[in-house]
Amino acid sequence: MKRLLTILIASAAFSAVLASPAMASHSWGGYHWARTSNPFTLKVGNNLSTADWKSHLGTASTDWTKSAVMDLSTVAGSSNKRCSMTAGTVQVCNGKYGNNGWLGLATINISAGTHITQGSAKMNDTYFNSATYNNPNEKLHVICQEVGHTFGLDHQSTDGSSQNTCMDYFSNTGTNAGSTLSTLPNTHDYEQLATIYQPLDASTTLASSTATSPGMAGRPEAKPYRTKRTDHGNHSQIVERFADGSARITDVLWTDGPRTTVDRG
């Protein structure tokens, strides 16, 4: 009887965990920066061209650094509007990328199956300069999310409701333009990062003299042998795989308008 009661209690607790969206895993494919100690320092290149975007990156960097396993070091960018990636770093950029349908892009290059070797986050001012998207809450939501993807985080929810994290599908536009919901990471983001970044690795992909090469995925001229795109609401994931085993993975945040092409640079 006691054994049966124990099983029933454990089963109920397990079901409660599964039913709670706040406890769901939102690791992005197990992708993570290889490192030999925690907390580790990740360099974030500031290639932003306007004061408001620079301020939003400063806010997002401060909030993500509250993680127990990771510190962000914002440095002068080594890229340009195209946001070409640099090994061992994340490059953050804004620019008028055109009426192509995407509002934000986060791209990571992968080696050894799950190790992030470099990343970029782009914000498309063609849309952010428009009345619909040009407000500080939407800008902070998007830059916080795009940078968050480059750590290996996926979305906490996909139904458009606010989980009060920048890693959800909530939109701070229209009647929500004045809302500060979903503009910052929440406790579950920090918990997920702690899970992603255990255990330690035997080597590092962080910016250093020994950082892992991004392989073919890091060469713009290289052609993938396989590309797969998965659409979900106003987001898409594009996975490009290369002959040497490296990969380039992009999360696309779309606007509500027509969708055309994605230039990952």
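Summary of computed values
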read-out	value
Candidate set from segment 130-171 (those that are acidic (Asp, Glu) and in a loop (DSSP other than H, G, I, E, B)); member that is nearest to ALA51 (Cα to Cα)	ASP168
Checklist (1) touching a helix residue (DSSP H, G or I) at 6+ places or on another chain (Cβ under 6 Å); (2) at pLDDT below 95; (3) polar (S, T, N, Q) applied to ASN94, failing item	(2)
Residues being buried (at least 19 other Cβ atoms within 10 Å of the Cβ) and touching a Ser or Thr at 6+ places or on another chain (Cβ under 8 Å) - total across segment 181-203	8
Hey, VAL262 under 22 Å from PHE151 (Cβ atoms), under 19 Å from the mean Cα position of the chain (by Cα) and part of a strand (DSSP E or B) or not	no
Candidate set from segment 174-189 (those that are more than 20 Å from the chain's Cα centre (by Cα) and part of a helix (DSSP H, G or I)); member that is nearest to THR255 (Cα to Cα)	GLY174
Of residues in segment 58-85 being of a type in the set (Ser, Thr, Tyr) and at pLDDT below 95, the one surrounded by the most Cβ atoms within 10 Å (Cβ to Cβ)	SER79
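The values are calculated or read from the model by the stated rules, or taken from the named source; none is laboratory data. Quick caveat, the model's predicted, so the values are computed rather than measured. Glycine also receives a Cβ, built like all others from the backbone with ideal geometry; neighbour counts cover every protein chain displayed.
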